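What follows draws every value from the coordinates through simple rules; no lab data is involved. For clarity, every value in this text was computed on a predicted model and none was experimentally measured. With ideal geometry, Cβ positions are generated from the backbone for all residues, glycine too; neighbour counts draw on all protein chains shown.
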Amino acid sequence: MSWPGRSLAPGRGRSRSVEEVVAHVAGGSPAAAELTAALREIEAAAAAAFPGNIYWDTELLAAELLRAGPGALAALGRQIAGLQALYGHNTVIRFRYVHDFLYGYDWAKWVQREPEERAGVGPFAPAFIDHQERRARELEQLIADDDAVYPSLPEGQVRNPFPFSREPEAEALLLAELAAAGLLPVEAWDAAASPLWDRPYADLRVERAAALGLLLPE
């Protein structure tokens, strides 16, 4: 599904386009054109890397880019765009969705490992993006070594290291349920959202998947 796609925002089925996001987040700002260019670059990279992605809320991402300021905004946008190509369907990692990045699961897990040092780092901050770049290289090495959790995959198979289904219908249902229950680390559709890391979000996702009958056979 291309961008704009679906939204997890309450009462809004469709995600905003780049132009709509910029108008919402940066209407009247002198940085609006720079923000538009950065979001379009990210959009193109994410859509190419994750053609089956479902939810595309980017208001908080746009707000964080805007806060980076002139020049830094474009640089951060390029870095985030480049990140997409490291994890998508044309790589050995071969993840199916950008959801875990946009809605904060990757970030919350990272902060929880060293909260005293990382609690002040946002989900779209350069320090976290740097980590995600390094993590991609680590995953590539694990896959090359045919790791038990991250083995090499047959051509065309997408990667799912989770104990629940991430087929499109299951993914859409689970994320919608988590969003409605306030159980996402990052409410990406809200430009003023305060990302949260201090709950067991990974466990809560598995629990909700189990309640929905989405766990995979052992």
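Each residue of the range 103-108 was assigned a 3J(HN,Hα) from its phi angle through the Karplus expression (A = 6.51, B = -1.76, C = 1.60, θ = phi - 60°), giving 9, x, 5, 4, 5, 4 Hz with x at Gly and Pro.
Can you give me the relative contact order of the chain as a percent, contacts being Cα pairs under 8 Å and 6 or more apart? Please report the intermediate quantities before stating the final value.
Values: 305 pairs, mean separation 49.0, N = 218.
Across the chain, relative contact order equals 22 percent.
A cut-off of 5 Å between modelled amide H atoms, ignoring neighbours fewer than 5 places along the same chain, links residue 57 with 8.
Mind pulling the angle between the C-alpha long axis of helix 59-68 and the longest principal axis of the chain? Nearest 10 degrees, somewhere in 0 to 90. The answer is roughly 60 degrees. I'd like the orientation of helix 32-49 relative to the chain: the angle between its Cα long axis and the longest Cα principal axis, in ° from 0 to 90, rounded to 10. Tilt relative to the chain: about 20 degrees.
Derived scalar couplings between HN and Hα for the range 89-94 equal 6, 8, 10, 6, 5, 6 Hz in order, rounded to whole Hz, by the Karplus curve 6.51 cos²θ - 1.76 cosθ + 1.60 (θ = phi - 60°), x for Gly and Pro. The charge dipole of the chain, taken about the Cα centre with unit charges on the Cβ atoms of Lys, Arg (+1) and Asp, Glu (-1), comes to about 360 debye, rounded to the nearest 20.
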